[in-house]
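The values are calculated or read from the model by the stated rules, or taken from the named source; none is laboratory data. This one's a predicted model, so the numbers in the text were calculated from it and none came from an experiment. Cβ coordinates were reconstructed from backbone atoms using ideal geometry, including for glycine residues, and neighbour counts include every protein chain displayed.
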Amino acid sequence: MPWSREQIALRAARELCDGFYVNLGIGIPTLVANLVPDGMAVQFHSENGMLGMGPFPFAGEEDPDLINAGKETITQIPTTSFFDSALSFGMMRGGHIDISILGGLQVSETGDLANWTIPGKMVKGMGGAMDLVAGVPRIVVVMEHMAKGEPRIVKQCNLPLTGKGVVDLIITDLAVFEVHAGETPSLRLIELAPDVTPAFVRANTAADYVECLA
Amino acid sequence: MTRKIYQDAGSALAGLLHDGMTIISGGFGICGIPDALLKAIDETGVKDLTIVTNNPGLDGLGVGRLVNSGRIAKLIASYAGENATFAKQYLAGKVQLEYCPQGTLVERIRAGGAGIPAFFTPTGVGTEVAAGKEVRVFNGREYLMEQGIFGDLALIHAWKADSEGNLVYRKTARNFNPVMATAAKVTIAEVEHLVEPGEIDPDHIITPGIFVKRIVPLAHVEKHIEKRTVRERA
C-alpha cells in the first residue's frame, strides 16, 4: 500500500525537531503544518516576510494584508514577527532556517532538484525555491514516486534545475531515500511504505542506490 | 512640512514618467501593491517600460494593469504565474521576461539602494540562472555574481506615513516595499493613513523619510484577496 499524501506529510513531519524554524513549500508540504508531533514547538517561516504562521482564519476574519507564500489568507500567533523580503531571504540564504520541506518534479541520484518549471508548459518561475535550496541546511523533498508512469528519481534531471546537489532526504508514496553527498552511489533506500517491495521500488526508480533497510 | 504631499497619484507622477524607463514596484502577489500609482501610470500611456517586481499581479490588477495595456517591454520578476495575459504575451514574444530568484531579486534591489554594484550569492549555482554570470569560489563553495538594481522610479504601498515620509507597513504587506523604497532616483509612497509628525514612534519607523520624495494619501483603499482560505469553527 503506497502512502497517501497525508501519510507522506506525516513521515516528513518526523524530520522536525523541537525549536526548529521551518519553511514549507506548496502542495503536500503544506499538510505538514497540521502534523507537528505533540509536545513539539516549531515556528513556520513564510518567504514573503513572516515567522510564526498561524492557521487559516475563520470565515469573515480574513485579512488581505496577511498572507503566506502561496498567497493564501492566514493568521498571526503571539510569537509572530513581520519583516521585509531582504531579511526574509537573509534568513534562508544565511542558513538560519533549520529545514525546508519542498515538492519536487525530479530528483537526481546526486541530489539535484528540479521543481520550478516544465519548459514549454508553464510560465511560472522559481519564486524563492532556488534561494531556499541554496541556503537551508536540510532539504527534504516530498513527491509522488512516479509522474504519468515515469520515475521521478532519475540518474540526471532533464528538467531545469532548482539546485545542484541540494537534496538531503526524499519521501515518496513508496519509499524514503537519503542522499549522501560524495558517496557512490549517493542514494540510500532506508524505508518502504507498507507492503511495498524492494523490487517494486527498484523497478520504478531510474537511479542507482543501495538498500539500507532496517 | 507638506512639500512631499500630493493630492493624488496623478499629480505625484507629474514630470517623472518617460518611455523606456525602469520602474520598481513593491508587493507580493496582490498584497501590499501600490495599485493607485500603477493605475495612474497606466492612464498616462507611458510605454516600453522595464518593470521590476516580484510577480506581475493578477489580470488587470497591480502591475497586471500595465500588462493588459501592453505598456511593458521587459519584466524582471521571480514568478509570473497567476497572470494568464502576461503568459500569453510572453509566449507570443511580445514582452521580455528575466527570471530572477526571489532572494536574489530583493538583494539586487537592496544592493542598488545601498551603493553596492554587485555581490556574490550561492543561489542559482548550477542552474540556468547562472548562464553568462561570473562564478567565484569562496571557502570552497561556488557563488554567482549578481548586479544591483537601481530604478528611475520606485512605487511603494505603506500603511502609515507622516509628512516627512517616515513609513510604517502592515503585516505581510511590507514584503518588498521597504527595500524598493531605497533603490530609485525618485520614490513615491501611496499611504493608507497620513499622520502628524510625532504620531509614529521613531522606534517603529521602518522606512526613514530620506528615501521617500513624494507621498500620496489614499482617499479610498480597496484591497483584494488572491486566495481566500478559511477554517471551520470548531
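Tabulated data
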quantity: Number of positions in segment A:132-156 that are over 12 Å from A:L113 (Cα atoms) and surrounded by fewer than 24 Cβ atoms within 10 Å (Cβ to Cβ); calculated: 10
quantity: Which listed residue, of A:I139, A:I170, is within 21 Å of B:T127 (Cβ to Cβ) and free of Cβ contacts under 8 Å to residues at least 60 places away in the same chain; calculated: A:I139
quantity: Single condition A:R202 does not satisfy, out of (1) in contact with a Pro (Cβ under 9 Å, 6 or more places away or on another chain); (2) without any contact (Cβ under 8 Å) to a residue 24 or more places away in the chain; calculated: (1)
quantity: Matching residues, segment B:41-85, being β-branched (V, I, T) and over 17 Å from the mean Cα position of the chain (by Cα); calculated: B:T44, B:V46, B:T85
quantity: Residues that are within 10 Å of chain A (Cβ to nearest Cβ) and basic (K, R), drawn from segment B:58-99; calculated: B:K88
quantity: Residue match in segment B:35-47 (condition: of a type in the set (D, E, K, R), crowded, with 23+ Cβ neighbours inside 10 Å and in contact (Cβ under 8 Å) with a residue 60 or more places away in the chain); calculated: yes
quantity: Residue within segment A:73-84 that is on the phi > 0 side of the Ramachandran plot and either without any contact (Cβ under 8 Å) to a residue 40 or more places away in the chain or outside any loop (DSSP other than H, G, I, E, B) (or both) present; calculated: no
quantity: Options A:A114, A:A129: the member that is crowded, with 18+ Cβ neighbours inside 10 Å and in contact with a strand residue (DSSP E or B) (Cβ under 6 Å, 6 or more places away or on another chain); calculated: A:A114
quantity: Selection within segment A:194-214 - among the β-branched types (V, I, T) and either modelled with pLDDT under 95 or more than 25 Å from A:N158 (Cα to Cα) (or both); calculated: A:V196, A:T197
quantity: All strands (runs of 3 or more DSSP E) inside segment A:12-60 with 3 or more residues being modelled with pLDDT of 95 or more, within 14 Å of chain B (Cβ to nearest Cβ) and at negative phi; calculated: A:43-46, A:50-53
quantity: Residues that are in contact (Cβ under 8 Å) with a residue 40 or more places away in the chain, in a loop (DSSP other than H, G, I, E, B) and surrounded by fewer than 19 Cβ atoms within 10 Å (Cβ to Cβ), drawn from segment B:179-208; calculated: B:P197, B:P208
quantity: Top-ranked residue of segment B:218-234 - restricted to ones that are of a type in the set (A, V, I, L, M) and at the interface with chain A (Cβ under 7 Å from one of its Cβ atoms), ranked as surrounded by the most Cβ atoms within 10 Å (Cβ to Cβ); calculated: B:I225
quantity: Residues of segment B:209-222 classified as in a loop (DSSP other than H, G, I, E, B) and in contact with a strand residue (DSSP E or B) (Cβ under 8 Å, 6 or more places away or on another chain), total; calculated: 4
quantity: Meets criteria (within 30 Å of B:F28 (Cα to Cα), modelled with pLDDT of 95 or more and either not small (G, A, S) or not in a loop (DSSP other than H, G, I, E, B) (or both)) for A:E191; calculated: no
quantity: Filtered residue count, segment A:163-184, keeping only those that are of a type in the set (A, V, I, L, M), assigned to a loop (DSSP other than H, G, I, E, B) and more than 22 Å from A:D131 (Cβ to Cβ); calculated: 1
quantity: Hits in segment B:155-169 - residues which are free of Cβ contacts under 8 Å to residues at least 40 places away in the same chain and either more than 17 Å from B:P34 (Cα to Cα) or not β-branched (V, I, T) (or both); calculated: B:W159
quantity: Test: residue in segment A:98-116 that is assigned to a loop (DSSP other than H, G, I, E, B) and more than 26 Å from A:N204 (Cα to Cα); calculated: yes
quantity: Strands (runs of 3 or more DSSP E) (entirely within segment B:106-154) containing at least 2 residues that are over 20 Å from A:A129 (Cα atoms) and free of Cβ contacts under 8 Å to residues at least 40 places away in the same chain; calculated: B:135-138
quantity: Members of segment B:191-217 found to be within 14 Å of chain A (Cβ to nearest Cβ) and under 28 Å from B:I149 (Cα atoms), listed by number; calculated: B:V191, B:E192, B:H204, B:I205, B:I206, B:T207, B:P208, B:F211
quantity: Yes/no for B:K88 being over 30 Å from B:A14 (Cβ atoms), over 17 Å from the mean Cα position of the chain (by Cα) and of a type in the set (K, R); calculated: yes
